[in-house]
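Working notes, structure below.
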Amino acid sequence: MAERSQTAPEAGNDMGNEDAIGGNVSKYTVLPSGYCGQPKKGHLIFDACFESGNLGRVDQVSEFEYDLFIRPDTCNPRFRVWFNFTVENVKESQRVIFNIVNFSKTKSLYRDGMAPMVKSTSRPKWQRLPPKNVYYYRCPDHRKNYVMSFAFCFDREEDIYQFAYCYPYTYTRFQHYLDSLQKRNMDYFFREQLGQSVQQRQLDLLTITSPDNLREGAEQKVVFITGRVHPGETPSSFVCQGIIDFLISQHPIARVLREHLVFKIAPMLNPDGVYLGNYRCSLMGFDLNRHWLDPSPWAHPTLHGVKQLIIQMYNDPKTSLEFYIDIHAHSTMMNGFMYGNIFEDEERFQRQAIFPKLLCQNAEDFSYSSTSFNRDAVKAGTGRRFLGGLLDHTSYCYTLEVSFYSYIIGGTTAAVPYTEEAYMKLGRNVARTFLDYYRLNPLVEKVAIPMPRLRPDAEPDTSGEMRPAGDTANLAYRRCSAADLINITM
């Protein structure tokens, strides 16, 4: 690669110091050194001033090579992982090398074949770059930091190209999705605003259940699910959408689950961070998943609102909060897997292993061998750890992780890259697993002929044979016990 100049480019001198990166580039035209005049075709224009965009600085190294700097999370320079930017004013067959030079993490799935995402105006479907064009290495020109370089050839001059760390899922897309569900007037789907973020974006809370479960005095068995507390972990939103799409469908399993359980879902806990293009933090630079112990109503309002609701449900004798699942994405591991808590009560600890073992049977991309149970001090402020200590022995709290990159199916060694659909399929399988956990399988056979299906593009996965669960007595209240572990094999 070309030798880098020790001086900053003439344009944007205030960006010469890496530590001074404070905002996204906006229609930033990169001109050759010493060039005067109007930009020509091939003088690339970079932009990240759009929702969930992130690119803080561009240095041209040579005619073909560019160093790109991720903008740190707002008010927190520690986190630099997510990128999302566009390039235009290209020439046909123009070849370039882009170097992402200031990652804050050293371990990365780029070592295992992960590649950035790309799309263009004429090809709007996201796709991964060929892994053979991507390199991850320690670079002496950048303080021996790790650099991810990728080669790319622009092939259509009129196109605007967009590159991203993973499939973007914006706050606006999320709002449009919820608006479309609300317009369908389903009597088992309820949307409310639980609060607002610092920048006054909505904290949406969804309730999916049979209306009978919400009547006054009714006992409720609640499954509480949250997502996107870390805004750059976009797979979380696809998994969450898969859960929602399945639960609101007319699939017999979904109908049985709605009859017996109340699903409370807060799909986007950090809407400001999502909108701003942060990786881990909120607008004010807080990692919200370290503030569950004492969230501030003004600094962490979304977290504060969710915690207050959970405590309210916990104190309601008619409500049994049975599950809390917080959905994340992982930047160094393959597959889906879970983190759980460690308890002194051995039986409770064993019961906690049942749900992930059942999920492993339903989802080929979920790995029980990667699932772990811990009480690391550094995780003390997370939702899983805090609520695991607050709630009683009938409640189970998990972090559900899914790889930014791929999964490996048992018995093979080949990595299968995740797609948007594959993330949503994992969500559907998470929802299905509650049927097995509560031994509701025989009730599926008694459900009336399903209503017409909802949307072809949101059809739940119906593959796989439902296992019989024996005795049907008290199905609404019978859960798998620790003794059942001997019947669950991996």
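Based on protein heavy atoms only, segment 171-438 ends up with 34 Å² per residue of surface accessible to a 1.4 Å probe. Mind scanning Lys318/Lys446; Lys221/Lys357; Lys119/Lys264; Lys105/Lys125; Lys27/Lys105; Lys307/Lys446 and naming the pairs with a C-alpha gap bigger than 30 Å? Cα-Cα > 30 Å for Lys119/Lys264; Lys307/Lys446; rest within.
Shown in residue order for segment 280-287 are the 3J(HN,Hα) couplings computed by the Karplus curve 6.51 cos²θ - 1.76 cosθ + 1.60 at θ = phi - 60°: 10, 10, 7, 3, 8, x, 8, 7 Hz (x for Gly and Pro). For segment 28-164, the share of accessible area belonging to carbon and sulfur comes to 50 percent (1.4 Å probe, ligands and nucleic acids excluded). Label positions at Ala218 and Lys318, each projected 7 Å from the Cα along the C-beta direction, are separated by 1.0 nm. Gain on full extension, evaluated as 0.36 nm per residue between Glu51 and Gln250 minus their Cα-Cα distance, stands at 68.2 nm. How much of the DSSP bridge set in the chain is antiparallel, in percent, rounded to the nearest 5? About 65 percent, rounded to the nearest 5. For segment 171-438, the antiparallel share of DSSP beta bridges with both residues in that region comes to about 40%.
The values are calculated or read from the model by the stated rules, or taken from the named source; none is laboratory data. All values derive from a computational prediction rather than experimental measurement. Heads up, the Cβs are rebuilt from the backbone with ideal geometry, glycines too, and the neighbour counts pull from every protein chain shown. Ligands, DNA and RNA are excluded from the accessible area calculation, which covers all protein heavy atoms including side chains. Shrake-Rupley method; radii C 1.70, N 1.55, O 1.52, S 1.80 Å.
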